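Worksheet: one structure, shown below.
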Amino acid sequence: MTAPTSHRIGLLGGSFNPAHAGHLQISLEALKRLKLDAVWWLVSPQNPLKSTADMAPYDERFASALAITKGQRHITVSDFEDKAGIYYTYASLCALKRLYPKVKFVWLMGADNLAGFHRWQRWREIARMLPIAVFDRSPFSHTALHARAALAMRGSRIPESGVGSLIDHAGHWAYILMRRNPASSTSIRAERSKKTEKD
């Protein structure tokens, strides 16, 4: 990636298998509510916690992300992790912070990711390294807020009313309510599979 002119950047990592309207909604909400200059989508070469069985080829997933963000000038789809051979979020963040020491980053995730955050490699260090914005997603609200990571980090959670300055507070996180989008990569793949079977 070229050196950014923006200094407040949200990072949305994922398999994007495929990218969908929910990813876009989170990004647009983050730009507005967190007062960001840009959002970078980090398309993972392979999520270590997900099976390779139904994982589409990288180029296909990357193309789906480009397609759904077309015309969104504040969202950049990045192959940074693929080119660097990085599979873990912690390693990506360390690399990005070295490359762009003057940029303020905030990690963006859906509630489903918070529910399993404690399974991520070095998740406690990630939580201390930069602020995290968690966006509400059905049906994970209750599960996420009572998950191991959320309970461990409850002392560093800031109220939703303060999310505008979240990016200035590394080591803190916020849970952000928004209109829920029913789209999911799993359901899209399931629908595609059914259509293929019928054909």
Inset, instruction - From the list LEU66, LEU12, LEU31, pick out the single residue that is of a type outside the set (Lys, Arg), under 19 Å from SER184 (Cβ atoms) and either touching a Phe, Trp or Tyr at 6+ places or on another chain (Cβ under 8 Å) or open to solvent by 20 Å² or more (accessible area, probe 1.4 Å) (or both). - result: LEU12
Legend entry - Residue that is part of a helix (DSSP H, G or I), in contact with a strand residue (DSSP E or B) (Cβ under 7 Å, 6 or more places away or on another chain) and either of a type outside the set (Asp, Glu) or closer than 29 Å to PRO139 by Cβ (or both), where the choices are LEU42, LEU31: LEU31
Inset, instruction - Scan the stretch 143-162 for residues that are among the β-branched types (Val, Ile, Thr) and within 14 Å of LEU130 (Cα to Cα) and jot them down. - result: ILE158
Inset, instruction - Tell me, yes or no, whether the stretch 106-127 has at least one residue that is over 24 Å from GLY162 (Cβ atoms), in a strand (DSSP E or B) and at pLDDT 95 or above. - result: no
Inset, instruction - Might you let me know whether the stretch 69-77 holds any residue that is polar (S, T, N, Q), open to solvent by less than 50 Å² (accessible area, probe 1.4 Å), over 26 Å from ALA144 (Cα atoms) and not in a loop (DSSP other than H, G, I, E, B)? - result: no
Legend entry - Residues within the stretch 133-152 that are under 12 Å from TYR175 (Cα atoms) and open to solvent by less than 20 Å² (accessible area, probe 1.4 Å), tallied: 6
Inset, instruction - Just need a number here: residues in the stretch 44-90 that are basic (Lys, Arg) and touching a residue at least 40 places away in the same chain (Cβ under 8 Å). - result: 1
Inset, instruction - Answer yes or no as to whether LEU93 is open to solvent by 20 Å² or more (accessible area, probe 1.4 Å) and either in a helix (DSSP H, G or I) or at pLDDT 95 or above (or both). - result: no
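The values are calculated or read from the model by the stated rules, or taken from the named source; none is laboratory data. Keep in mind that what you see is a predicted model, and the values were worked out from it rather than measured. Virtual Cβ from ideal backbone geometry, glycine too; neighbours counted across all protein chains shown. Calculation scope for accessible area: heavy atoms of the full protein, side chains included, ligands and nucleic acids excluded. Shrake-Rupley method; radii C 1.70, N 1.55, O 1.52, S 1.80 Å.
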